[in-house]
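See structure below.
The values are calculated or read from the model by the stated rules, or taken from the named source; none is laboratory data. Quantities reported herein were computed from a predicted structural model and do not represent experimental measurements. Ideal geometry is used to build each Cβ from the backbone, glycine not excepted, and the neighbour counts take in all protein chains shown. Side chains included, ligands, DNA and RNA excluded: accessible areas come from the protein's heavy atoms. Shrake-Rupley method; radii C 1.70, N 1.55, O 1.52, S 1.80 Å.
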Amino acid sequence: MAQNLTCLGCGDYFIPDIRLSYTEPLIRDKFVRMAEAHLKENNPFLYNDLILDEKLFPYLKGIGETANRRMEHLMEESLMKNPAPNKATLQLAWVQPMNMHKAQAEQLAAEEL
């Protein structure tokens, strides 16, 4: 299988001009970093295949979006069961339960995915 490959001259060397076909930016949030680390450690062959097939970023993007949607849903459920105080009147009392709800939702979403 012959391909037309262009090269760039750099001094005495010729470097192949290789470009990725997938160019959408990847937002590397907590869940994306966790998924990538898990994939590297537990399934390095799949990780390498995804890199070589240029499917790693779309794969990680899907996991990140799913985890974030799940976390938001879990946080809404948690707030329905245990509502936080009014933010306008009790700002400092509002922060603690919100942080607790967010931490619980993140933990559950990470465990599920």
Subject >> Span-like helix ranges in the chain, DSSP H, alpha carbon extent 24 angstrom or more, Kyte mean at least -1.0 >> reply: 56-81, 91-112
Subject >> Normalised contact order of the stretch 1-103, rounded percent, pairs of Cα under 8 Å and 6 or more residues apart >> reply: 19 percent
Original post:
Using a cut-off of 15 Å between alpha-carbon atoms, which aspartates and glutamates can reach Lys40, once sequence neighbours fewer than 8 places away in the same chain are excluded?
Top reply: Asp49
Original post:
So for Ser78, Ser21, what's the accessible-area order with a 1.4 Å probe, most first?
Top reply: Ser21, Ser78
**OP:** Note down the accessible area of Asp17, probe 1.4 Å, to the nearest 10 Å².
**Re:** 50 Å²
Subject >> Neighbour-limited loop hits for trypsin sites (Lys or Arg not before Pro), the stretch 43-87 (at most 15 other Cβ within 10 Å; DSSP other than H, G, I, E, B) >> reply: Lys55, Lys87
Subject >> Accessible area of the chain belonging to carbon and sulfur atoms, whole % at 1.4 Å probe >> reply: 57 percent
Original post:
Kirkwood Rh, Cα Rg: Rg to Rh for the chain?
Top reply: 1.23
**OP:** Filter the GluC sites (Glu not before Pro) in the stretch 24-113 to those in DSSP coil with at most 12 other Cβ atoms within 10 Å of their Cβ, and list the result.
**Re:** Glu54
**OP:** State in Å² the accessible area per residue of the chain; use a 1.4 Å probe, count heavy atoms of protein chains only, and round to the nearest integer.
**Re:** 80 Å²
Subject >> Area of Asp53 that stays accessible when all protein chains are in place (1.4 Å probe, Å², to 10) >> reply: 100 Å²
